[in-house]
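The values are calculated or read from the model by the stated rules, or taken from the named source; none is laboratory data. This one's a predicted model, so the numbers in the text were calculated from it and none came from an experiment. Counting neighbours? That spans all protein chains shown, and the Cβs are built from the backbone with ideal geometry, glycine included.
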Amino acid sequence: MKKIVILISGRGSNMEAMIAARDAGRLPVDIVAVISNRPAAAGLETAARAGIATHYVDHRGFAGRDAFDAALAECIDGFSHDLVVLAGFMRILTEGFVRHYEGRLMNIHPSLLPAFPGLHTHRRALEEGVRIHGCTVHFVTPTLDHGPVIVQAAVPVLDGDTEDSLAARILGQEHRIYPQAVRWFAEDRLRLENGRVRLAAEPAADSALISPGIV
């Protein structure tokens, strides 16, 4: 069974979705630790109640990103793990950190990448008048929000949508596809080839699950 470490900065709703999927038998992983850069992150209490080891590395105690990332990596590497999952981790990671976990560092972003990298994605989507918006699970690379795409989910942008209403619908899709992407990793079905993710054919028993691409 693959072991994962989850990084959060706040409530960690995607972390909660993974814990729920694990407990329901839909995500065959061992969540060995949840780590936050904020000592008061609400998700730490949630993880502790679920019996998961919790730690924090407060970024405010470091002079710069390199020093913080080194301490964070030391904390992560204190656990035997196969994958590091970013679940609302609100820090820009240094190239050295990303390279250290290359091919085993996963993130979810609230847009259909490469559209709208960075912050305020729902506001920008509404301002641009797009009719389709969504979320993307991808492997992390040193270029912000431009790593190889694993799976995406799309939702229509409705007349009268606000940032909050659009964000709520997309968050529901995040909670659906992120555990699935981690499951594919746990099942050794993801391959990186020339900067693209390939998904091995799914067993017949999984035929009703999410397919790769936009769902």
Legend entry - Restricting the range 8-20 to residues that are in a helix (DSSP H, G or I) and in contact with a Phe, Trp or Tyr (Cβ under 9 Å, 6 or more places away or on another chain), the residue that is surrounded by the most Cβ atoms within 10 Å (Cβ to Cβ): N14
Legend entry - Selection from the range 21-48 of residues that are in contact with a Phe, Trp or Tyr (Cβ under 9 Å, 6 or more places away or on another chain) and of a type in the set (S, T, Y): S36
Inset, instruction - Could you please find all residues in the range 32-69 being aliphatic (A, V, I, L, M), surrounded by fewer than 19 Cβ atoms within 10 Å (Cβ to Cβ) and without any contact (Cβ under 8 Å) to a residue 24 or more places away in the chain? - result: A40, A48, A63, A67
Legend entry - Verdict on T136 being touching a His at 6+ places or on another chain (Cβ under 7 Å), modelled with pLDDT of 95 or more and of a type in the set (S, T, N, Q): yes
Inset, instruction - Within the range 84-96, identify whether any single residue is of a type in the set (K, R), surrounded by fewer than 20 Cβ atoms within 10 Å (Cβ to Cβ), touching a residue at least 24 places away in the same chain (Cβ under 8 Å) and closer than 27 Å to R169 by Cβ, and answer yes or no. - result: yes
Legend entry - Single residue of the range 146-156 satisfying the filter (at pLDDT 95 or above and surrounded by fewer than 19 Cβ atoms within 10 Å (Cβ to Cβ)) that is nearest to V98 (Cα to Cα): P148
Inset, instruction - Mind listing whichever residues of the range 114-170 are in contact with a helix residue (DSSP H, G or I) (Cβ under 6 Å, 6 or more places away or on another chain), farther than 18 Å from I92 by Cα and hydrophobic (A, V, I, L, M, F, W, C)? - result: C135, I150, V151, A153, V155, L166, A167
Legend entry - Condition met for G96 (out of contact with any helix residue (DSSP H, G or I) (no Cβ under 8 Å at 6 or more places or on another chain) and either in a loop (DSSP other than H, G, I, E, B) or not hydrophobic (A, V, I, L, M, F, W, C) (or both)): no
Legend entry - Cβ pairs under 6 Å, 6+ apart, first in the range 175-193 and among the hydroxyl-bearing types (S, T, Y), second buried (at least 20 other Cβ atoms within 10 Å of the Cβ) and assigned to a helix (DSSP H, G or I): Y178/N14
